[in-house]
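**Q** Please see the structure below; I have some questions.
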Amino acid sequence: MASDRDLGTDALLAPVARWTPRFFVFIAALAAVVGWGAYAYGVQLQHGLVVTAMRDTVSWGLYISNFVFFIGISHVGALMSAILRLTKAEWRRPITRMAEAITVCSLFVGASMPIIDLGRPDRLLNVILYGRIQSAILWDFLSIGTYLVGSLLFFYLFLIPDLAILRDRLTSIGRLRRWIYRKLALGWSGAADQRRRLERSIGIMTILILPIAISVHTVVSWIFAMTLRVGWNSTIFGPYFVAGALFSGVASVLMAMALFAHFYKLERWITPLHFRHLAYLLLVLDLVYIYFTLNEYLTVSYKSEGTEADLLASLYGGSYASLFWTIQLGGLVIPAFLLASRRTRTTLGIVVAATLVNVTMWLKRYLIVVSTLATPQMPTGWASYWPTWVEWSITAAAFAGFVLLFSLLSRVVPIVSVWETLETPETPPGAATEHAPEEVAA
Amino acid sequence: MKGRAAWIVLLLLAGFFVAPPSPVAMTAAATHGDVLEVGFMDMPTRVDGVLEAGEYAHNHTDPDTGIAIHVQYSGNTLGISLETPGVGWVALSLGAVLVGSNVTDVLVFSLENGTLRSLDEVDHGWERHLDVAVGGTDDIIAAAAATTGAGWRVEFQVPLDSADDNDHHFLPNGTYPFSLAYNATSPDPSTPDTAHSMTDLLLHVGPAPEIYRAERTAVRIPPPKLVAGQKSTLAGILTNTTGTPIPDQPVEFYLKTTFGLLYLGLGRTNSLGKAGVVYEPKSPGTWTLYVAFRGTGRYFPSNETVEVTVLGALEPEASWLSTTLGITAVVFLVVGGVWGAYAFVLSQLLGIRRTGRRLVTRQPSQEGEGGEKHRRQE
Amino acid sequence: MDDDDGRLRRRQFLTLAAKGAGIAALGLLGGKVFVERLAGLPDDARVKPAGLGQAWVMMIDLDRCDGCGVCTTACRAEHNVPEGQEWIKVYEITDPEGTSYFLPRPCMHCENAPCVAVCPVGATYTRRDGLVLVDQNRCIGCRYCMAACPYNARYFNWEGPLELTPEEQALYSPEAPVVHRRGTVEKCVFCAHRADRGVLPACVEACPMKAIFFGDAAEDAVSNGKEVWRLSEALKERGGFRFKEDLGTKPRVFYLPPEGS
């Protein structure tokens, strides 16, 4: 058993212990994209926001769409770690850290997007100095800030025993890294009172992280819902956005699982069982999201008052129709069928569905932001918006940056939680309550 | 022979110009030096754009502009006619409204497509403002225009002594500076002039005959009791200087507002000299009422300004403070609580570190390998 | 063992509670500061000059407006408005019956302004006399106010100089936005700098049809430079309305409908 466990540990630690040349090439490519995005931002800082395609009518565009998207997928951490932990779903163990890592990385990238969108980023401090509590942006500031710190704490708490393993097992890595691991491991040795403290902290954070996460995307949605714009002036936005966030978050985890299982050779731990469980979860969230979508559009279409009629006409058959129907069919209907039918619910089918979902959810955020702003409020024609190279570059850099952070994280700590996973072969599912491997020792 | 004929022609011509039936002789060229005499006449002018025989007392043609100005006054109405050689606007500027200042009362007239525009302005140096735009009134009583060959003529009347502080006040026996200007082509008054009078011209208002001297009047309004949203009557009393009420005269009521006088209504004085108007004030506060009698041939105009307080419950400022205060308190309590929990977790982490250090120092042989040893001992 | 555990748990809980309370108290203190700021807006620049105006309103007679656009030009000249911005903009509207007319749209200076509600830094604020102004020294350019305005009355400086020279800075005030900085939002201010002196706004004086009236609703009087009308009477007689009344923004611009509509 010990050798089995050790082999397992070795396999899980391998990506951390050894960085392949292929990885360096990958990182270099991502860094190049991020660098190009930084250059584009430099151009924007020099000439002003005139280099984007945003103008006085469509005054928000890609940047805010990215913001909503990235903050959206950050909910997956709370879902995986907190909800699944509370419901004692043991199968979650290999994927919780992945989910938490997605949360942390996406929060960083997402929070930087509105700053890039600002006309005067040099005055960012005004938000703290002169902040108005009545503004939804302040609520965002508080909520995302609290969630970021909470997620980092949450991530770190679950990492401590693995840091101890890294400290003890990885002798081949550099002295600096060993020193960092040792410091961050806080002298973890599995002692009883350490376990008790960790358990208590995890317990508190698990319960706390859920309402915080829900509040985050709720207040993000309220940025839109607190205005009088058609398409945004809806009371359903809070739960709609949270459901959408969980939806795209689960899809992101599925994509990450497929990539890590393949590239880090972790098929033993990220099994078809996990894919299937998450597929069910994705399907349920898909149906919930369809329910909300129907609520939103059916009620508005039924009455079709005033300017709402203009927006709907554009979505159903006008300039935004192709985008709208791609999202509904490609992102909601097709994945539902892929996930529901046993024949297509293979690992490949599930991952395809997840990718479709993620891509269309990004398109959906774009649609929400841009189609409403383009709808004329005064007696003029429709405004048009097609992003410029600056906006595309920064968007690409955001995605590249996210993948970069995530990949680096996966090479610095084991992406599958060692101490949570490896005790499962020992103990029957559901019976294990102690988490530290050391518990079995004298 | 030729020389004598020339002299006869000249004499005949001179005779033509000074013989009584000649229209030119009707109005005595009455400028000695640069002073234009404004004579008193029994009848005020008829404002129709046409110069009738005996309508005006005196005239003058300004050498710099070529504008012909005819003047007279009757009672307290000043009648003026300006004839401009061009087709554009023409203006008469009446000397300093306040002695020593550069504030002038300007009357501008333009004729465009048969429509006469008349503007009563007050100019502060280069800044031009309509009287109405700075809280005054448009005091041109009447105006009419007619084309005259290449140019055109405007006939108008203004009060000698209007109730407006932005206008020049004339008194009999007074001498006042004035100047003329016109634009040869453009009727748009905002364009600059093409010619203006260069010399210092003076108007001398002649003495008024005893029997036609207009009576001085006084109008006053006792401060009314006003409540916002309620109708009340504003009463004005018109008397002469000895206190005798003047019946059957129009008295106008105004409210002094930021951008001018708001007309509230007109009342006719009864046998007791009282005129009234119904008024419903909108908002409480302190307001300024202005009551004016415009004057006639017999009576000088008079006016009075009085401050009134309008009572009424002021709308209480919507106290949204409490709701916002509540929301703020809740938000900060919740956020504070969460960060308090974070602080607790941090304290737990520190506790873990403390234990870890303690264990390491207690078992020096297992320094750095404590965990591993534990795990291997299963 | 149980007792110990119990005591430990209780102690832990008390520690947590104490820490949470401490943070909450600090938070409340911060909240108090926020609230004070909300209540008083103590910046002196935001208190209106005493005496002049309590509730500025504008009234536009659509029967007289002929769509000439002189108001836009005069406003542009008065404030040096950047290219592409029209602080007062004339729209041509054709109603369902087929009559078409022109509607000038300045900033509505709403009593319940959505732009003021959403600004995260309070750069846009309502003065006591009802005017909604923008402080370009504070605006961070997030453009939330532009998303919130239902009348498209706010404009963003997408380009231009980032900072002003000291001379330009001396010219600038939120009441007289005559110089403009990149990355900030601005709009019609009802010529606050003129109203403070008792002079009508530039568009009012310039309108050749004398269609735009301006005045103090508390005085119930509006003037277009030639005539002074009683606001309440004009609105009642002509059936005056406000644009997008149903949104609840309570705009300060009243429109008199054109004849025969």
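**Q** Rounded, prolate or oblate: which fits the stretch C:44-256, taking a ≥ b ≥ c as square roots of the Cα gyration tensor eigenvalues, rounded meaning a/c under 1.5, else prolate when a/b beats b/c?
**A** Working: a/c = 1.56, a/b = 1.43, b/c = 1.09.
Here the stretch C:44-256 falls in the prolate category.
**Q** Suppose R0 equals 56 Å. What FRET efficiency, 1/(1 + (r/R0)^6) with r the Cβ-Cβ distance, do A:Ala32 and A:Ser301 give to the nearest 0.05?
**A** E(calc), rounded to 0.05, equals 0.75.
**Q** Please report how far the C-alpha centroid of the stretch A:286-315 lies from that of the stretch B:287-308, rounded to the nearest whole angstrom.
**A** Cα centroid to Cα centroid, the span is 65 Å.
**Q** Still on this structure, I have one more. How much accessible area is lost when chains B and A come together, counting both sides, with a 1.4 Å probe, in Å² rounded to the nearest 100?
**A** Chains B and A together bury roughly 2900 Å² of accessible area.
**Q** In nanometres, what is the gap between the two model label sites at C:Asn112 and A:Thr235, each 7 Å from Cα along Cα-to-Cβ?
**A** Taking the simple label geometry, C:Asn112 and A:Thr235 are separated by 1.6 nm.
**Q** With n ≥ 4 as the cut-off for DSSP H runs, can you work out [θ] at 222 nm for the protein assembly as shown, using -39500 (n - 2.57) per run divided by the number of residues, rounded to the nearest 500?
**A** Working: 28 runs with 450 residues, N = 1081.
Taking each H run of at least 4 residues, the total per residue is -14000 deg cm²/dmol.
**Q** Another question, if that's okay. Which net charge results for the neighbourhood of B:Thr185, defined as the other residues with beta-carbon distances under 15 angstrom from its beta-carbon, given Lys and Arg at +1 and Asp and Glu at -1?
**A** Values: positive: none; negative: B:Glu112, B:Asp188, B:Asp193.
Computed value for this residue: -3.
**Q** Accessible area per residue, 1.4 Å probe, Å², for the stretch C:44-256: what's the number? Don't skip to the end; give the middle numbers.
**A** Details: 7460 Å² over 213 residues.
Using a 1.4 Å probe on heavy atoms only, each residue of the stretch C:44-256 averages 35 Å².
**Q** Taking amide hydrogens as modeled 1.01 Å from N in the peptide plane, which residues meet the under 5 Å criterion relative to B:Trp152, leaving out close sequence neighbours?
**A** Close amide H contacts, sequence-distant or interchain: B:Thr84, B:Gly86.
**Q** Run the accessible area of chain A with a 1.4 Å probe and give the carbon-and-sulfur part as a rounded percent. Show your work: numbers first, answer last.
**A** On the way: 12020 of 17190 Å².
So the carbon and sulfur contribution to the accessible surface is 70 percent.
**Q** Something else now. I'd like the residues of the stretch A:371-398 whose 1.4 Å-probe accessible area shrinks by no less than 20 Å² going from the isolated chain to the full set of protein chains.
**A** A:Gln377, A:Met378, A:Pro379, A:Thr380
**Q** Need the per-residue list for the stretch A:180-194: every residue with at least 40 Å² less accessible surface in the complex of protein chains than in the chain by itself, probe 1.4 Å, sorted by number.
**A** A:Leu186, A:Ser189, A:Gln194
**Q** Follow-up question, since we're still on this one. Pick from A:Gly249, A:Gly401, A:Gly190: which is most flexible by mean-square fluctuation in a GNM of chain A where alpha carbon atoms under 10 Å apart are linked?
**A** A:Gly190
**Q** Amide H of C:Ile60 versus every other amide H placed in the peptide plane: which residues, excluding those fewer than 5 positions away on the same chain, fall under 5 Å?
**A** Placed amide hydrogens put C:Phe213, C:Phe254, C:Tyr255, C:Leu256 under 5 Å from C:Ile60.
**Q** A plus C alone minus the pair: what accessible area, both sides summed, probe 1.4 Å, in Å² to 100?
**A** 4000
**Q** Search the structure for amide H atoms under 5 Å from the amide H of B:His58, placed 1.01 Å from N in the peptide plane, and list their residues when 5 or more places away or on another chain.
**A** Those lying under 5 Å, H to H, from B:His58 are B:Gly39, B:Val71.
**Q** Now for a different question. Label point 7 Å out from C:Gln54 along Cα-to-Cβ: which residues of the stretch C:116-159 have amide N under 18 Å?
**A** C:127-131
**Q** Once a ≥ b ≥ c are taken as the square roots of the eigenvalues of the Cα gyration tensor of the stretch A:255-396, is the result rounded (a/c under 1.5), prolate (a/b larger than b/c) or oblate (a/b not larger than b/c)?
**A** oblate
**Q** At 7 Å along the Cα-to-beta-carbon direction for both A:Trp392 and B:Asn113, put a label point, then send me their distance in nm to one decimal.
**A** Each label point lies 7 Å from its Cα, and together they span 5.4 nm.
**Q** Could you list, in their original order, any pairs among B:Lys256/C:Lys210; B:Lys282/C:Lys244; B:Lys231/C:Lys244 whose Cα atoms are separated by more than 29 Å?
**A** The answer is B:Lys231/C:Lys244.
**Q** In peptide C:86-92, how many Cβ atoms from other protein chains are near each Cβ within 10 Å, on average?
**A** For peptide C:86-92, the averaged partner shielding equals 1.
**Q** May I ask which residue of A:Ala213, A:Pro379, A:Ile394 lies farthest towards the positive end of the charge dipole of the stretch A:2-425, with charges of +1 (Lys, Arg) and -1 (Asp, Glu) on Cβ and the Cα centre as origin?
**A** Value computed over the given set: A:Ala213.
**Q** Which of rounded, prolate, oblate describes the stretch A:8-120, given a ≥ b ≥ c as roots of the alpha-carbon gyration tensor eigenvalues and a/c under 1.5 marking rounded, otherwise prolate only if a/b is larger than b/c?
**A** Cα axes put the stretch A:8-120 in the oblate bin.
**Q** Sketch the reach of a paramagnetic label on C:Glu97 as a point 7 Å from Cα along Cα-to-Cβ, and name the residues of the stretch C:217-256 whose backbone nitrogen lies under 18 Å away.
**A** Output list for this probe position: C:237-242, C:255-256.
**Q** Measuring from centroid to centroid over Cα atoms, what is the spacing of the stretch B:29-91 and the stretch A:147-190 in Å?
**A** Centre-to-centre (Cα) distance: 104 Å.
**Q** What trypsin sites (Lys or Arg not before Pro) does the stretch C:165-222 have in DSSP loop regions with at most 14 other beta carbons within 10 Å?
**A** C:Arg197
**Q** Something else now. Using a Förster distance of 35 angstrom, determine the FRET efficiency expected from the C-beta separation of A:Leu294 and A:Lys265, and round it to 0.05. Don't jump to the answer; show the numbers that get you there.
**A** Working: r = 43 Å, r/R0 = 1.22.
Here the calculated transfer efficiency is 0.25.
**Q** Could you report the buried accessible area between B and C, both sides summed, computed with a 1.4 Å probe and given in Å² to the nearest 100? Don't jump to the answer; show the numbers that get you there.
**A** On the way: alone 22170 and 14150 Å², together 33480 Å².
Counting both chains, the buried surface is close to 2800 Å².
**Q** From the phi of every residue in the stretch A:13-26, what ³J(HN,Hα) in whole Hz does the Karplus formula 6.51 cos²θ - 1.76 cosθ + 1.60 yield, where θ is phi - 60° and glycine or proline is x?
**A** Along the stretch A:13-26, the couplings run 8, 3, x, 6, 6, 10, 9, 6, x, 4, 5, 4, 4, 4 Hz.
**Q** Output the direction-averaged projected area (hull surface divided by four) of the convex hull of the alpha-carbon atoms of the protein assembly as shown, in nm². Show your work: numbers first, answer last.
**A** Numbers: hull surface 243.8 nm².
With the hull built on Cα positions only, its mean projection is 61.0 nm².
**Q** From the phi angles alone, apply the Karplus equation (6.51, -1.76, 1.60; θ = phi - 60°) to the stretch C:116-132 and give each ³J(HN,Hα) in whole Hz, x where the residue is Gly or Pro.
**A** Here the 3J(HN,Hα) series is 5, 5, 8, 5, x, 10, x, 6, 9, 8, 9, 6, 5, 8, x, 6, 9 Hz.
**Q** If I model a spin label at B:Thr194 and A:Trp179 as a point 7 Å from the Cα along the Cα→Cβ vector, what separation in nanometres do I get?
**A** In this crude label model, B:Thr194 to A:Trp179 measures out at 9.2 nm.
**Q** What part of the accessible area of the stretch C:44-256, given as a whole %, is carbon or sulfur when the probe is 1.4 angstrom?
**A** About 52 percent, which is the carbon plus sulfur part of the accessible surface.
**Q** Per-residue HN-Hα couplings for the stretch B:73-78, Karplus 6.51 cos²θ - 1.76 cosθ + 1.60 at θ = phi - 60°, whole Hz, x for Gly and Pro?
**A** 9, 9, x, 10, 10, 9
**Q** How big is the gap, in Å, between the Cα center of the stretch A:81-112 and the Cα center of the stretch A:212-244?
**A** The two parts, judged by their Cα centres, are 22 Å apart.
The values are calculated or read from the model by the stated rules, or taken from the named source; none is laboratory data. Everything numeric here is computed off the predicted structure, so don't read it as measured data. Reconstructed Cβ throughout: ideal geometry from the backbone, glycine too, with neighbour counts over all protein chains shown. The accessibility values were calculated without ligands, DNA or RNA, using every heavy atom of the protein model including side chains. Shrake-Rupley method; radii C 1.70, N 1.55, O 1.52, S 1.80 Å.
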